[in-house]
Every structure is written in C-alpha cells, then in structure tokens.
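Encoded as structure tokens, the structure appears first; notes follow it.
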Amino acid sequence: MATITGVVTTSHIPSIGRAIAKNLKQDPYWKKFFDGYPPVHAWLEKTRPDVAVVFYNDHGLNFFLDKMPTFAVGAAPEYVNADEGWGIPSLPPFRGDLDLSWHLIESLIAEDFDLTTCQEMLVDHAFTLPMKLLYPDDGPCPIRTVPICINTVQFPLPSAKRCFQLGRAVGDAIRAWNSDARVVVLGTGGLSHQLDGERAGFINKPFDVKFMDSLIADPEWATHYSIPELVELAGTQGIELVMWLAARATLTGSVQCVHSNYHIPISNTASGLMVMA
Ligand code: DHB
Ligand code: FE
C-alpha cells in the first residue's frame, strides 16, 4: 500500500515566481523567505516522494466566477501552467498520476464528497510555485502530481470543518491505494492576508502563530471557527489556510513539526511554511 511521507504547507504568492526568475533569492527582501526552503529540500531528499497531492485554490485560471466547483480533483495526464497576468514566466507542464487521481476520486465519491473531476486542468501560481519551491532545479518537476482544488474565491465557501474532513478522507484513500508509491501532501495558501477592500494589507501574526502551533497539537482547533470568523481573523485571502487544514488532516496519529518558517511580509502576505510528519 502507498505511504504518506509527510505534509508540506506553504504560502503561494505570484511575486515568488518573479524572484525565482530574476535570481533574487539572496536579495535582502527575499532572503528570509527563501532561507526557509533548504531544510525542506534535505527532507525531500531523505524521504524521496514519488508523487505530490496538492491542495490549493485556483484564482481564475482554470475556474472562473461563472463556474466554481467547491472541490475539484485533477485526473489528467499532465497539468499545464499558463500566464495569469502577473508577468511571471510560466513553468513546464506537470506530470499527472492517473491511477492515483481515479483512486482518490472513486474513494472520495464513495465517502459522499461531491467532486468535480477534471480531465483537463490548467494550474496556476498556487500549484506551480510551491512545487518549484520544493523542486527548484531547471526543467520539468521530477515527481508526479495530483491537484485538488478547494474554492476559497467565490462565496459560499466550504467550512474549515468540511475541508478537514476532505483531507482526512484523502489521507485514508492514499493509505488504501494499491501501490508502493511514496506520497507527499501539500497545502498551499495563507497565511493571513487581504488583497482587497478597506482591510487591504491586513496581517494577523498572533493568529498565524497560534494556527501553526495548533496544526501539531490540536489540528482541529481552527475548524471550530466559521468562514466569516476565519475571514475576520486571517483576512479574505487568509482563508486559504483551509488548504493547510486539509493537508494536515491526511496525517493521523502523533505528528511532529519537522521544520517551519514564518516571515512578514512577502508582497501583501504573512508567508508561512511547515513540514509535518
Ligand atoms: C498575493 C497572495 C496570494 O495568495 C495570491 O494568490 C496572490 C497575491 C500577494 O500577497 O500579493
Ligand atoms: Fe492566493
């Protein structure tokens, strides 16, 4: 049966793509952010995953406001990146894993999750940049991928509790997958940020710190908040933290923090990073 090597949760911000393209990793603005990743590379080298299951939210590249699935799972042989208008270079297509995609889809629908299945799917910065941060070498990403989108863009959004349940079901399904593959689970987005409206620029460090701690000791802590409460605490885009909850929920039993980093600001965002296993 397949094994989960661990979970990586990280912010996704378009300007990271520009910093990578312009080789700004040692630039004073960027250094503290990029310095968070070498320990993740070392952990990936040690744990050698074959495939990544990536919880993220699409920002209008693949789904627009006219058609917005609550939960969508990719079932494509490859996932193509495209220009989103941020002026960052697009990355080569990401290889899929059809066997795992359909196993997840069948398992989740059997567990009463109503999914959209995507046999073609463009992937945006929220998928591509975290994968590039984990696998920075030139050329195509070396591991296979399965994207899972959670709507955090068009209200009404699924509750934090439901996202956690989705993650739990994905974890159970991965462990029941008849394969010897090693699977790393990613959750991308957050932490606190708000890009629009009167609170544009809003960041809440005490909440972010509490949230990161809770993922180890009390992972369902944030699921007791409603979506409006989480928006109040973390910002309209900070609600992307539900991706961290879904990813964390794939792990059961005792979980350790292997590595973490937190840095304010990157663009408008409090950037966070955790490796849990
Ligand atoms: C920013 C953050 C995001 O999560 C995003 O999707 C786009 C932009 C930002 O801080 O600039
Ligand atoms: Fe985002």
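Read the figures in this text as sums done on the coordinates, not as results from a lab. Here the structure is a predicted model, which is why all the values come from computation and not from measurement. Using ideal geometry, Cβ is built from the backbone for each residue, glycine included, and neighbour counts are taken over all protein chains shown.
Residues of the stretch 83-120 with the amide nitrogen closer than 19 Å to a label point 7 Å from the Cα of residue 178, along Cα-to-Cβ, please.
Residues 97-111 qualify, since their backbone N sits under 19 Å from the label point.
Taking loop as defined by DSSP and a crowding limit of 14 other beta carbons within 10 Å, which trypsin sites (Lys or Arg not before Pro) in the stretch 169-277 fit?
Numbers: sites: 175, 182, 199, 210, 248; in loops: 199.
Qualifying residues, ordered by number: 199.
Of the residues 44, 215, 129, which exhibits the maximal mean-square fluctuation in a Gaussian network model of the chain defined by a 10 Å Cα contact cut-off?
Maximum among the listed residues: 44.
7 Å from Cα along Cα→Cβ at both residue 159 and residue 26: what's the point-to-point distance in nm?
Those two pseudo-labels are separated by 5.1 nm.
Using a Förster radius of 22 Å, what is the FRET efficiency between residue 232 and residue 195 based on their Cβ-Cβ separation? Nearest 0.05, please. Intermediate values should be presented prior to the final figure.
Numbers: r = 16 Å, r/R0 = 0.72.
Taking R0 as 22 Å, the efficiency between residue 232 and residue 195 is 0.90.
Compute the Kirkwood hydrodynamic radius of the stretch 3-276, taking the inverse of the mean of 1/r over all pairs of distinct Cα atoms, and give it in Å to one decimal.
Working: mean 1/r = 0.0546 Å⁻¹.
That comes to 18.3 Å for the stretch 3-276.
Run the numbers for residue 255 and residue 66: contour at 0.36 nm per residue of separation, minus the present Cα-Cα distance, in nm. Intermediate results must be reported in sequence, preceding the final value.
On the way: separation 189, 0.36 × 189 = 68.04 nm, distance 3.95 nm.
Stretched fully, the residue 255-residue 66 segment lengthens by 64.1 nm.
Quick check: the distance between the Cα centres of the stretch 227-267 and the stretch 119-164, to the nearest angstrom?
Distance between centres, Cα-based: 14 Å.
Just to be sure I understand: with springs between alpha-carbon atoms less than 10 Å apart, which residue in 197, 171, 96 has the highest mean-square fluctuation in the Gaussian network model of the chain?
Result: 197 has the largest fluctuation of those listed.
Within the stretch 9-90, list the trypsin sites (Lys or Arg not before Pro) lying in a DSSP loop whose Cβ has at most 13 other Cβ atoms in a 10 Å radius.
22, 67
In the stretch 185-277, what GluC sites (Glu not before Pro) fall in a loop by DSSP, with at most 15 other Cβ atoms inside 10 Å? If you can, show how the numbers build up before the last one.
Numbers: sites: 198, 220, 229, 232, 240; in loops: 198, 220.
Filter output for the stretch 185-277: 198, 220.
Which of the lysines could be linked to residue 161 by a straight reach, that is with a Cα gap under 20 Å, when you skip same-chain ones fewer than 8 residues away?
Cα-Cα hits under 20 Å: 210.
Could you please report the charge total around residue 95, scoring K, R as +1 and D, E as -1 over all other residues with beta-carbon less than 12 angstrom from its beta-carbon?
Details: positive: 144; negative: 50, 78, 97.
Computed value for this residue: -2.
Quick check on the stretch 42-103: take the gyration tensor over C-alpha atoms, sort the square-rooted eigenvalues as a ≥ b ≥ c, and tell me if it's rounded (a/c under 1.5), prolate or oblate.
Numbers: a/c = 2.06, a/b = 1.35, b/c = 1.53.
Oblate is the answer for the stretch 42-103, as a/c is 1.5 or above yet b/c matches or exceeds a/b.
Which residue, 145, 188, 252, tops the fluctuation ranking in a GNM of the chain built on C-alpha contacts under 10 Å?
Residue with maximal mean-square fluctuation among 145, 188, 252: 252.
What number comes out for the charge environment of residue 56, summing +1 per Lys or Arg and -1 per Asp or Glu over other residues with Cβ under 9 Å away?
Numbers: positive: none; negative: 58, 124, 240.
Net local charge, residue 56 excluded: -3.
Among DSSP beta bridges lying fully in the chain, give the percent that are antiparallel, nearest 5.
Numbers: 16 of 40 bridges.
Given both bridge residues lie in the chain, the antiparallel proportion sits at roughly 40 percent.
Net charge near residue 151: determine it from the other residues with C-beta under 14 Å of the C-beta of residue 151, scoring Lys and Arg +1 and Asp and Glu -1. Kindly include the intermediate steps, with their values, before the conclusion.
Numbers: positive: 67, 162; negative: 58, 66, 114, 124, 240.
Local charge sum for residue 151: -3.
Of 26, 86, 53, which is farthest towards the positive pole of the chain's charge dipole, taken about the Cα centre with +1 and -1 on the beta-carbons of Lys, Arg and Asp, Glu respectively?
26
Any chance you could check the Cα centroid distance between the stretch 1-39 and the stretch 82-111 for me, in angstrom?
Using only Cα atoms, the two centres lie 20 Å from each other.
Can you give the FRET efficiency for residue 110 and residue 1, using 1/(1 + (r/R0)^6), R0 = 25 Å, r = Cβ-Cβ distance, to the nearest 0.05?
Details: r = 17 Å, r/R0 = 0.69.
Efficiency, from the Cβ-Cβ distance: 0.90.
Please compute the Kirkwood hydrodynamic radius of the stretch 1-44 from all pairs of different C-alpha atoms, in Å with one decimal. Each step should come with its number before you reach the end.
Numbers: mean 1/r = 0.0822 Å⁻¹.
It works out to 12.2 Å.
Please state the charge dipole magnitude for the stretch 3-276, taken about the Cα centre, from unit charges on C-beta atoms (+1 on K and R, -1 on D and E), reported in debye and rounded to the nearest 20.
Values: 20 positive and 30 negative charges, 154 e Å.
In debye, rounded to 20, the stretch 3-276 gives about 740.
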